[in-house]
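The values are calculated or read from the model by the stated rules, or taken from the named source; none is laboratory data. Keep in mind that this is a model prediction, so the values were computed, not measured. Here the Cβ is made from the backbone with ideal geometry for all residues, glycine too, and neighbour counts use every protein chain on show. In case anyone asks, the SASA skips ligands and DNA or RNA and just uses the protein heavy atoms, side chains included. Shrake-Rupley method; radii C 1.70, N 1.55, O 1.52, S 1.80 Å.
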Amino acid sequence: MDLKQLRTFRAVAELGSLSKAADRLRAAQPALSRHIKLLEHELRVELFVRNGRGMLLTSAGRMLLDRTTGLVRQIEQVRDDLQSASGKPSGRVILGLVPTVSAVFSGRFARRVITDFPDISLRIVESYGGHLVEWLHRGEMDLAITYGPAVDLHLQVQSIGREDIAVVGPPGSGLNKKKHVDLKWLVKQNLIVPSISHGLRALLEKAVAREKLSLNPLIEADSYRAQISLMEEGLGYTLLPPSAIRAELAAQRLEMAALVSPSISRELILASPIDHPTSIATTTISTLIMSEIEQLSKEGFWKIKMTV
């Protein structure tokens, strides 16, 4: 096995297509096909099932992907660091963002990376916290902004700060006039909340239990975009950070009130793998993330109580 073969294998596995992998790697499709065939010949197993819809991993292919992804990333980072050491930071950085963070952060941050560090190739992956943590553990991702608590994550973690969670509802709900609502009022409403495995749901369940109340959601929706759509249809209320719905509030498509008695906030953390060195490009992006979040907070775009 060599690095070119493994990079080809990873690209085809992720994209499910030789042609798409050729576009990503900027290589000829026949050359990539040859890499895959040589790899299968050396390992004496079939790595893909070829069909009209593309290329699907076999069980052996899934095992190879799991075992080599972190290794290939580390080798790529060594190359990037050697190139960065004699000049500007360069290389590929994969950054994971939970959806509510991506909504306020990704566009502006990507623009700053392009402007300040044009030699760094940034890939942004949006997903929920559990997935991001898993990909960090497997070495498939370099950094992730997600929500705490950081206990038992077994990752290198830097606390960014805490973000308050607000009650959000449909237009005409009267939340804007109320300004504040308490938990007793909230649990009596039609609620649209994530499933029990979601971090925000866990925070809500704990708050409800402490107040000796009961929670009976009308709809469970793990998709942040789906929650917004359901509220715009007038189906109920949910809890979200205000920063994630700035556009909807400005367009009067949603209404919001602060949650009191008790209030709910969650910790925002920057996480990275603990079992391999951080590349120069990744360190650069990490520093830039903290700078950009601090700037967004100062400008009032993102209300975070920054960790001192």
Checklist line | Conditions (1) farther than 22 Å from GLY70 by Cα; (2) of a type outside the set (Phe, Trp, Tyr); (3) open to solvent by 30 Å² or more (accessible area, probe 1.4 Å); (4) out of contact with any strand residue (DSSP E or B) (no Cβ under 9 Å at 6 or more places or on another chain): number failed by HIS35 | finding: (1)
Next item on the list: Would you be able to say whether some residue in the stretch 280-292 is touching a residue at least 40 places away in the same chain (Cβ under 8 Å), surrounded by fewer than 21 Cβ atoms within 10 Å (Cβ to Cβ), under 30 Å from VAL187 (Cα atoms) and under 19 Å from the mean Cα position of the chain (by Cα)?
Entry: no
Margin query: For LEU175, only one of the following conditions fails: (1) exposed (fewer than 15 other Cβ atoms within 10 Å of the Cβ); (2) touching a residue at least 40 places away in the same chain (Cβ under 8 Å); (3) under 19 Å from PRO241 (Cβ atoms). What is its number?
Written below: (1)
Next item on the list: Keeping to the stretch 181-210, report how many residues are over 28 Å from the mean Cα position of the chain (by Cα) and loosely packed, with under 14 Cβ neighbours inside 10 Å.
Entry: 4
Next item on the list: Could you please let me know if VAL167 is surrounded by 14 or more Cβ atoms within 10 Å (Cβ to Cβ), in contact (Cβ under 8 Å) with a residue 12 or more places away in the chain and either under 16 Å from GLY129 (Cβ atoms) or touching a Cys at 6+ places or on another chain (Cβ under 6 Å) (or both)?
Entry: no
Notebook entry, point to check: So which of LEU296, LEU270 ends up being closer than 28 Å to ASP152 by Cα, open to solvent by less than 50 Å² (accessible area, probe 1.4 Å) and modelled with pLDDT of 90 or more?
Noted result: LEU270
Check: Failed condition for ASP275, given (1) open to solvent by less than 70 Å² (accessible area, probe 1.4 Å); (2) modelled with pLDDT under 85; (3) closer than 20 Å to LEU132 by Cβ, with all others met?
Finding: (1)
Margin query: Could you go through the stretch 109-123 and let me know if any residue there is under 28 Å from TYR237 (Cβ atoms), in contact (Cβ under 8 Å) with a residue 40 or more places away in the chain and open to solvent by less than 30 Å² (accessible area, probe 1.4 Å).
Written below: no
Checklist line | the stretch 216-231: number of residues that are open to solvent by less than 70 Å² (accessible area, probe 1.4 Å) and in a helix (DSSP H, G or I) | finding: 7
Notebook entry, point to check: How many residues, within the stretch 240-267, are open to solvent by less than 30 Å² (accessible area, probe 1.4 Å) and touching a Phe, Trp or Tyr at 6+ places or on another chain (Cβ under 8 Å)?
Noted result: 4
Check: Which of the residues spanning the stretch 126-158 are open to solvent by 40 Å² or more (accessible area, probe 1.4 Å) and more than 18 Å from LEU65 (Cβ to Cβ)?
Finding: GLU126, TYR128, GLY130, PRO149, VAL151, ASP152, HIS154, GLN156, VAL157, GLN158
Notebook entry, point to check: Across the stretch 59-107, what is the number of residues that are open to solvent by less than 40 Å² (accessible area, probe 1.4 Å) and either under 18 Å from LEU270 (Cα atoms) or at pLDDT below 85 (or both)?
Noted result: 22
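Here is a yes/no grid of residues against (1) part of a loop (DSSP other than H, G, I, E, B); (2) within 23 Å of the chain's Cα centre (by Cα):
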residue	(1), (2)
HIS41	no, no
VAL45	yes, no
ALA60	no, no
MET63	no, no
PRO89	yes, no
ARG108	no, yes
ARG112	no, yes
LEU122	no, yes
